[in-house]
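For reference, the structure is listed below as structure tokens.
The values are calculated or read from the model by the stated rules, or taken from the named source; none is laboratory data. These numbers come from a predicted model, not from an experiment. Reconstructed Cβ throughout: ideal geometry from the backbone, glycine too, with neighbour counts over all protein chains shown.
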Amino acid sequence: MSKQLVIVESPAKAKTIEKYLGKDFSVLSSVGHIRSIAKKTKDGTPPIDVDNDFATTYEVDPDKKKVITELKKAVKAASDVWLATDEDREGEAIAWHLCEVLGLDPKKTKRIVFHEITKSAIEEAIKTPRFVDMDLVRAQQARQILDRLVGFELSPVVWKKVPGGKSAGRVQSPAVRLLVEREREISQFESSFQFKITAEFIYNNQPIKAELPKRFALEEDAQTFLESLQGATFSVGQIATSPSSRNPAAPFTTSTLQQDANAKLGFGSKATMAAAQKLYQEGKITYMRTDSVNLSSQAVAQAAEFITSAFGKEYSQVRKFKTKSSSAQEAHEAIRPTNIAQEIASSNTYDQKLYDLIRRRTLASQMSPAKLERTTVTVDISTSDSHHFEAKGEVILFDGFMKVYGGSKKEADLLPALTSGDQLALILAQARQTFSRPPARYTEGSLVKKLEELGIGRPSTYATIINTVQERGYAEKGEAEGTPREVVVLKLENNEVARTIDSEKTGSDRGKLIPTPSGELISDFLSDHFDQIVDYDFTANVEEFFDQIAEAKLDRTTMLKEFYKPFHQLIVESGGIDRTAVAKAREIGTDPKTGKTILARFGRFGPMLQLGTGENEDKPQFAPMPNGKKIDTITLEEALHAFKLPRLVGQTDDGQDIKANIGRFGPYIQIGKLYVSIKPHDPHEISLEDAKNLYAQKLKAEAEKNIADFGDGIKVLNGRYGPYVTDGKKNAKIDKKTDPKTISHEQAKELLAGAVAKKPRRRVSKKK
């Protein structure tokens, strides 16, 4: 008897669904998209015919041919076919492509969707099938065609006109612009400082921390104030209490999940979505691409039952959250566990951490508000009528949702029982220099939040946007812990005022997204010549147009024509753009030794320094831009220092020179032919001890990698995907059952004889 065939996107999802459907069903996977827009057509015509209503030529992805062969065979043998790809536009497009490739009628083939992979959800979907929604397909086509047109036409312009430019994307470019604008806000920020006065009192052996509401601009004024406290007495003045409550946040959407996972767990957007995908495919959480905060009635009832049972009836409060986004589909749900009572969902640490975050956020959304009491105590100073200290405390009367999400206040926030007139003993008062802070750099989480606020991107694209700008080299994650800064501290202790200098770190960018010089250059180029590509409102409007196409309120072709005509005109006019004007170049000054001009400019691999103009057959010298320096701001002194590289750091224990330098991939040391990255060390300053340690670590890693070397170029190595044999031209994988240490020279030759030679890298020669 022939089985009914269900086609899903991922193998993991297929296994879970087959478990629920039983023996009458066979579940296979398309392993994601099976077709994409062709790179070129057989007859040489463009794959997207802009003059024929954007008719598009698709081609089967080469690595999916075997999958399609298996699916075609299964379709012929099946009594019925069900398409069960994801319930978003991409999933709908995959369902349509499957119909096209497998010879299925999209108007007759059953299409089922579900937002959680549970037995009840699958069975309900089978009862209520529909057909492929061509409006959703057309919306996905419009997005893909638009992105491809921008890539096809704009990227070649970028290659020609922007030094080091790789490509430009319709949605990624505004994200890069956000990072660049924030970086420039930071560089233009002028820091100022004030003196903050704090005091520590004691009452009945309990400490009380307080702060002076006024801050002083001058150190002298802060000193005068502290001196006025010498011999003063302190007493409790007014005591004000005010009740307050705190409500839980809504359950997670894709955006808020990425934000909280980044802030609380340190997960990047890509890692968050990968973990969420696994949890969804294993049936542990609902669909992870959503902008809805809605919970089903069943989920709300399940949460209420669990909360009442686990914590008590007073902790339960049924809540309905309304999604702000007009494009959100309320029939979809927020991200939640499929079984709220299940605490452990994965043996993988990262997946479990994310699941726990989702579960606690869902529980909290259906719990009572936390009830708090805030207390403000005024501390009067006997020697001053115009100044007083304030001590603030917060008491949690009822923790409510904070029992599972949001934490609780520390004991330090509690104040002892006080009454007006109580005398307090001063232990310490101090004035500390505090500096104003520049705007914060974006993290992956805060950038997702900003993109969502601007209406740029959708739940399915946030992680891709952030990953792409980093892969293209337009932004990178910072690693610096900050630089030391001196801070003036004045202390009144034992009735004496003393001045000390503390040190604190400032400017840490660890984990923050920082635009690279290439990112700044490409952003400026697009802003100057293709402003619609980086315009926030325009990009957000395009997303709205896609939503309207999905709702059959806007014709796909009409929308594409309105975008393409003005965009293509800019491409036509781009031939007149002067490349030398795009590439930043700045004359810094003159080298006092040689009298040659020093330039800061943008080269093929990024910003660089040039000594000499190259005139009169005088070959210029080049040096990489020092770390953290920019073309616009580097000084002559800093530039001269850069030309001192490569620097001889010292010798290894066996007498080899250790040279420090900066290359295309950052700072490094060189010992013979071996190169060792020294990030985040400065090659001008790295010590011999640190250089030796990094060299020793590299040698150890190389020794672990090299299992055997037969002396004729044939080696047995440990690779990323396991042990293998290589001769530099061919690689041969070693079977898992074989111990790589036992491979003989002859065995290595036999393995290589049956291996396929590596494809040579394409070399692109540029015409002069």
Condition broken by Leu609, with the remaining ones in (1) closer than 18 Å to Ile669 by Cα; (2) in contact with a helix residue (DSSP H, G or I) (Cβ under 7 Å, 6 or more places away or on another chain); (3) at pLDDT 85 or above satisfied: (1)
Per-region count, the range 635-655, residues out of contact with any Asp or Glu (no Cβ under 9 Å at 6 or more places or on another chain), surrounded by 13 or more Cβ atoms within 10 Å (Cβ to Cβ) and farther than 30 Å from Ile588 by Cα: 1
Single match in Ala261, Ala303, Ala274 (criterion: of a type in the set (A, V, I, L, M, F, W, C) and surrounded by fewer than 20 Cβ atoms within 10 Å (Cβ to Cβ)): Ala274
Subset of the range 564-590 (residues that are in a helix (DSSP H, G or I) and either β-branched (Val, Ile, Thr) or touching a residue at least 24 places away in the same chain (Cβ under 8 Å) (or both)): Tyr564, Pro566, Phe567, His568, Leu570, Ile571, Val572, Ser574, Arg579, Thr580, Val582
Filtered residue count, the range 396-422, keeping only those that are assigned to a strand (DSSP E or B) and modelled with pLDDT of 90 or more: 2
Checklist (1) within 34 Å of the chain's Cα centre (by Cα); (2) assigned by TED's automatic domain parsing to the domain that holds Phe225; (3) among the charged types (D, E, K, R) applied to Lys450, failing item: (2)
Top-ranked residue of the range 145-184 - restricted to ones that are more than 24 Å from Ala38 (Cβ to Cβ) and of a type in the set (Asp, Glu), ranked as surrounded by the fewest Cβ atoms within 10 Å (Cβ to Cβ): Glu181
Criterion: closer than 30 Å to Thr290 by Cβ, out of contact with any helix residue (DSSP H, G or I) (no Cβ under 7 Å at 6 or more places or on another chain) and in contact (Cβ under 8 Å) with a residue 40 or more places away in the chain - qualifying residue of Thr233, Thr241, Thr253: Thr253
Long-range neighbours under 6 Å by Cβ, at least six apart or interchain, first residue touching a residue at least 60 places away in the same chain (Cβ under 8 Å) within the range 624-646, second of a type in the set (A, V, I, L, M, F, W, C): Met625/Met608; Ile631/Ala600
Single match in Val300, Val379 (criterion: over 29 Å from Val113 (Cβ atoms) and either assigned to a helix (DSSP H, G or I) or in contact with a Leu (Cβ under 8 Å, 6 or more places away or on another chain) (or both)): Val379
Of the criteria (1) in contact with a His (Cβ under 9 Å, 6 or more places away or on another chain); (2) closer than 28 Å to Met608 by Cα; (3) assigned to a loop (DSSP other than H, G, I, E, B), which one Leu694 fails: (3)
Where Thr69 falls short, out of the listed (1) of a type in the set (Ser, Thr, Tyr); (2) without any contact (Cβ under 8 Å) to a residue 60 or more places away in the chain; (3) surrounded by 13 or more Cβ atoms within 10 Å (Cβ to Cβ): (3)
Sole residue being exposed (fewer than 13 other Cβ atoms within 10 Å of the Cβ) and under 30 Å from Phe252 (Cβ atoms), chosen from Ala440, Ala425: Ala440
Some residue of the range 305-316 being on the phi < 0 side of the Ramachandran plot and not in a helix (DSSP H, G or I): yes
Selection status of Asp380, touching a Lys or Arg at 6+ places or on another chain (Cβ under 9 Å) and surrounded by 17 or more Cβ atoms within 10 Å (Cβ to Cβ): no
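Each row is one residue, and each column tells you yes or no for (1) closer than 30 Å to Leu526 by Cβ; (2) among the β-branched types (Val, Ile, Thr); (3) within 33 Å of the chain's Cα centre (by Cα).
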| residue | (1), (2), (3) |
| --- | --- |
| Ala583 | yes, no, yes |
| Thr590 | no, yes, no |
| Thr597 | no, yes, no |
| Phe602 | yes, no, yes |
| Phe605 | yes, no, yes |
| Gly612 | no, no, no |
| Ala623 | yes, no, yes |
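Results for (1) touching a residue at least 40 places away in the same chain (Cβ under 8 Å); (2) more than 30 Å from Ala304 (Cβ to Cβ); (3) outside any loop (DSSP other than H, G, I, E, B); (4) polar (S, T, N, Q), shown as yes or no for each residue.
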site	(1), (2), (3), (4)
Glu343	no, no, no, no
Lys353	yes, no, yes, no
Leu357	yes, no, yes, no
Thr362	yes, no, yes, yes
Glu394	no, no, yes, no
Ala425	yes, yes, yes, no
Leu428	yes, yes, yes, no
Leading residue by the ranking (farthest from Ile427 (Cα to Cα)) among those in the range 202-224 that are over 47 Å from the mean Cα position of the chain (by Cα) and touching a residue at least 60 places away in the same chain (Cβ under 8 Å): Asn204
Residue match in the range 185-207 (condition: assigned by TED's automatic domain parsing to the domain that holds Arg148, buried (at least 19 other Cβ atoms within 10 Å of the Cβ) and assigned to a helix (DSSP H, G or I)): no
Flag if Thr41 is on the phi < 0 side of the Ramachandran plot and either among the basic types (Lys, Arg) or outside any loop (DSSP other than H, G, I, E, B) (or both): no
Residue count, the range 564-591 (criterion: among the hydrophobic types (A, V, I, L, M, F, W, C), in contact with a helix residue (DSSP H, G or I) (Cβ under 9 Å, 6 or more places away or on another chain) and surrounded by fewer than 13 Cβ atoms within 10 Å (Cβ to Cβ)): 0
